[in-house]
Amino acid sequence: MTSTFASVAELTRRQASRSAAVVARVGTKRHVLLNNVPKTATPADVLRMARQCRVENCIGASLDYHYFEPRGQAFLEFSKPDFVLDALKTLEKTSISGSSLKPYPYDARPIQRSRGKDGREEASDRGLLKGDGPAAGIPTSGREVIIIGIPSRTSPEELKAYLVENKLVEEGLDGKGMCEVLSTEAPNNGSSQKARTRMYVRMKSVTAAHELAKRLNMTYYQPFVFRSRMLIKARVLY
């Protein structure tokens, strides 16, 4: 009997120790990092999962990117650190699209405000449009498309002209495409010259962004010039 009481006491002590460790890790953190999220998931999918699991006081969700590529991670944001602890317990044995999630308390970097079109252009000129972190590090509205795989020396103006010529974007009164196109910082692949093969395109609407990504993805850029060497990938940023 004494041995049984001792075992129960030891188990209780260990559970209390683990709980104290979790509380210490949470601290002032207001985010939960979810690992093992399918790369095809959207913030809406993550929020839907949280609601289905009855996670309370969640005020937003964002995906984690590296050079505009989904990393298979997502962030849930809470209004106060107090709510993170309950969320961690609730999310311990959850899954999304068949993938078991692993939740951790996290201090997510704040998304940099771009101060509108001028701010985005300045960030592009300074090589700061890298596409890292929550929501790729920039405010997103579902109207943004990242295009990967075009020739390294293509300018934003050339890409915009290509999109207009192929009727992928609407032509404005000035003869230019009714969209915003910016160069982004490419991954450092060890070469002496960084290849700017990724372009950021901001469309007029969410519908237009999805239509552009759908029509452009897995097509070849200027096939009469490059044949099948320039395969394009296009996806909407969330």
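Please go through (1) in contact (Cβ under 8 Å) with a residue 60 or more places away in the chain; (2) in the same structural domain as M178 (by TED's automatic domain parsing) for H66 and return the number of the only condition it doesn't satisfy. Failing condition for H66: (2). Does V46 satisfy the condition of being β-branched (V, I, T), outside any loop (DSSP other than H, G, I, E, B) and outside the structural domain of M199 (by TED's automatic domain parsing)? Here the answer is yes, as V46 does meet what is asked. Of the listed requirements (1) out of contact with any Pro (no Cβ under 6 Å at 6 or more places or on another chain); (2) closer than 19 Å to S95 by Cβ; (3) in a strand (DSSP E or B), Y65 misses just one: (2). Restricting attention to the stretch 48-76, and to residues there that are among the small types (G, A, S) and under 16 Å from T140 (Cα atoms), which single residue is surrounded by the fewest Cβ atoms within 10 Å (Cβ to Cβ)? Filtering first and then ranking leaves G60.
Taking the condition at pLDDT below 90, farther than 16 Å from Y67 by Cα, outside any strand (DSSP E or B) and of a type in the set (A, V, I, L, M), does V225 pass? Yes.
In this structure, does S191 turn out to be surrounded by fewer than 19 Cβ atoms within 10 Å (Cβ to Cβ), assigned to a loop (DSSP other than H, G, I, E, B) and modelled with pLDDT under 80? Considered against the rule, which asks whether it is surrounded by fewer than 19 Cβ atoms within 10 Å (Cβ to Cβ), assigned to a loop (DSSP other than H, G, I, E, B) and modelled with pLDDT under 80, S191 comes out as yes. Please name all residue pairs, on different chains or six or more residues apart, with Cβ atoms under 6 Å, provided the first residue is in the stretch 125-139 and is over 15 Å from Y238 (Cα atoms) and the second residue is aliphatic (A, V, I, L, M) and surrounded by fewer than 22 Cβ atoms within 10 Å (Cβ to Cβ). Note: pairs meeting the criteria are L129/A123.
The values are calculated or read from the model by the stated rules, or taken from the named source; none is laboratory data. What you see is a predicted model, and the numbers here were worked out from it, not measured in a lab. With ideal geometry, Cβ positions are generated from the backbone for all residues, glycine too; neighbour counts draw on all protein chains shown.
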